[in-house]
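Structure record follows, encoded as structure tokens.
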Amino acid sequence: MIQAFNLVQLKTAQDVIETDLHYICTHLTEEFASLSGKQLLITGGAGFLGYYLVQSVLQWNTQHMDLAPIQLTIVDNCIRGIPEWLTNLESDPNFTLVKHDITHPLPTNIGEFEYIIHAASIASPTYYRKYPIETMDANVHGLRYLLEYCLHKTKTSPVEGFLFYSTSEIYGDPTPGNIPTQESYRGNVSCTGPRACYDESKRYGETLCVNFAQQYELPIKIARPFNNYGPGLKITDRRVLPDFARDVLNDRNIVMLSDGSPSRTFCYVADAIVGYYKILMKGQAGEAYNIGVETPEISMADLAERVAELARELFNYQGRVVRQVSMDKDYLIDNPNRRCPIIAKARNHLGYNPNISIDEGLKRSLIWYQANRQAKNA
């Protein structure tokens with residue numbers, strides 16, 4: 001196992017990014033080498049997961065000038081503008097940005113790709129409840145356009161790998177006997193509740209993927225992320241960790257909008273990105289893989305206290321954790337009480353082995369947020 005980096009040496013956001021990219025590339029030596037000289041398309045590349053999905057590939061290209069580069073194309077609607085980190089990459093000869101809304105048919109001149117990652121989706125509960133139709137369109141229509149592209153390509157040069165980002169939300173609120181949760185669990189999900197636009201469109205998306213894989217023998221794989229966090233997740237995203245970070249950096253009390261009892265395992269984004277590329281390159285067609293960490297499962301109250309303690313260490317933070325009730329009456333409806341994966345399938349099939357601890361990941365995140373405390377709404 002590669003040893004964790006010494007956090008004492010990480011003082012700036014750039015330190016964090018460089019450390020994370022080195023970690024990702026080191027753990028994906030075989031997978032990125034297999035992508036050498038290939039054309040890779042990532043939809044939603046300007047979003048949270050795109051942050052490291054994109055930069056890690058270009059970092060690998062820079063580190064392996066003796067090999068044919070991975071040619072990377074990003075498709076994103078850029079509805080919030082082009083983030084600065086992405087603008088800084090536009091001069092890279094191996095990178096192309098295409099402004100396009102994935103809910104519409106693909107441009108006829110989109111190009112030829114051997115590998116595709118469909119990461120275009122609204123994933124924050126605050127925003128997908130505000131934009132439910134748009135959320136469903138990206139997860140269903142956008143996916144269908146990409147699958148039809150794959151099917152058409154079988155007549156020319158076949159797609160070699162396709163990854164669909166599903167979600168751990170497809171399990172809904174698992175029954176106690178199904179926590180920790182493995183991929184075979186069928187879920188306990190409302191099809192009409194305030195979160196259903198996301199949960200059910202992802203479930204239908206998985207059904208599309210499985211049937212295209214089986215009927216047309218396409219190499220389509222599915223990722224089920226469990227609570228990823230870290231650099232790239234905007235401070236305006238309205239998920240729990242960006243909210244806590246915003247409170248810390250504004251030197252005010254950390255506000256918990258629940259009684260603090262719901263629990264989760266949290267997977268730092270560098271570990272998650274390693275898992276996603278492993279699914280793309282090594283996953284079995286028509287199969288879904290949990291990507292996350294199995295321990296520790298911690299309550300929101302414990303998470304808030306950990307963030308406060310780390311913020312005191314890093315920034316001399318003086319605030320405390322307080323509880324309030326959300327003004328949004330639907331805020332906690334259908335919110336799972338526990339979420340914890342079994343990742344044995346990813347370990348055994350893919351060699352996935354996350355090892356960045358929660359405290360280490362939270363420290364890196366807070367350092368990154370300190371330099372990225374301003375952002376357009378996610």
Inset, instruction - Might you check whether a residue that is open to solvent by less than 10 Å² (accessible area, probe 1.4 Å), on the phi < 0 side of the Ramachandran plot and not hydroxyl-bearing (Ser, Thr, Tyr) occurs anywhere in segment 150-158? - result: yes
Inset, instruction - From Arg246, Arg252, grab the single residue that is assigned to a loop (DSSP other than H, G, I, E, B), in contact (Cβ under 8 Å) with a residue 24 or more places away in the chain, among the basic types (Lys, Arg) and open to solvent by 10 Å² or more (accessible area, probe 1.4 Å). - result: Arg252
Inset, instruction - Check whether at least one residue in segment 188-203 is touching a Ser or Thr at 6+ places or on another chain (Cβ under 9 Å), surrounded by fewer than 18 Cβ atoms within 10 Å (Cβ to Cβ) and free of Cβ contacts under 8 Å to residues at least 24 places away in the same chain, and report yes or no. - result: yes
Inset, instruction - Would you mention how many residues in segment 226-243 are open to solvent by less than 40 Å² (accessible area, probe 1.4 Å) and either in a helix (DSSP H, G or I) or on the phi < 0 side of the Ramachandran plot (or both)? - result: 11
Legend entry - Filtered residue count, segment 281-301, keeping only those that are assigned to a helix (DSSP H, G or I) and either open to solvent by 30 Å² or more (accessible area, probe 1.4 Å) or within 20 Å of Ile170 (Cα to Cα) (or both): 2
Legend entry - Pair list, Cβ under 7 Å, 6 or more apart: segment 91-114 residue open to solvent by 50 Å² or more (accessible area, probe 1.4 Å), other residue of a type in the set (S, T, N, Q) and modelled with pLDDT of 95 or more: Thr96/Thr73; Glu112/Gln39
Legend entry - Condition met for Arg347 (out of contact with any helix residue (DSSP H, G or I) (no Cβ under 7 Å at 6 or more places or on another chain), modelled with pLDDT under 95 and either among the acidic types (Asp, Glu) or open to solvent by 40 Å² or more (accessible area, probe 1.4 Å) (or both)): no
Inset, instruction - Could you tell me whether any residue of segment 198-219 is farther than 19 Å from Ile356 by Cα, in a helix (DSSP H, G or I) and in contact with a Pro (Cβ under 8 Å, 6 or more places away or on another chain)? - result: yes
Inset, instruction - Taking only segment 65-90 into account, find how many residues are touching a strand residue (DSSP E or B) at 6+ places or on another chain (Cβ under 8 Å) and open to solvent by less than 40 Å² (accessible area, probe 1.4 Å). - result: 9
Legend entry - helices (runs of 4 or more DSSP H) completely within segment 82-168 that count 3 or more residues being under 22 Å from Tyr277 (Cβ atoms): 143-153
Legend entry - Filter pass, Ala223 being open to solvent by 10 Å² or more (accessible area, probe 1.4 Å) and either touching a residue at least 12 places away in the same chain (Cβ under 8 Å) or among the basic types (Lys, Arg) (or both): no
Legend entry - Failed condition for Thr175, given (1) β-branched (Val, Ile, Thr); (2) under 22 Å from Gly45 (Cβ atoms); (3) open to solvent by 40 Å² or more (accessible area, probe 1.4 Å): (2)
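The values are calculated or read from the model by the stated rules, or taken from the named source; none is laboratory data. Since the structure is predicted, the reported quantities are computational estimates derived from the model, not experimental observations. Cβ coordinates were reconstructed from backbone atoms using ideal geometry, including for glycine residues, and neighbour counts include every protein chain displayed. Note: accessible area is taken over every heavy atom of the protein model, side chains too, but ligands, DNA and RNA are not part of it. Shrake-Rupley method; radii C 1.70, N 1.55, O 1.52, S 1.80 Å.
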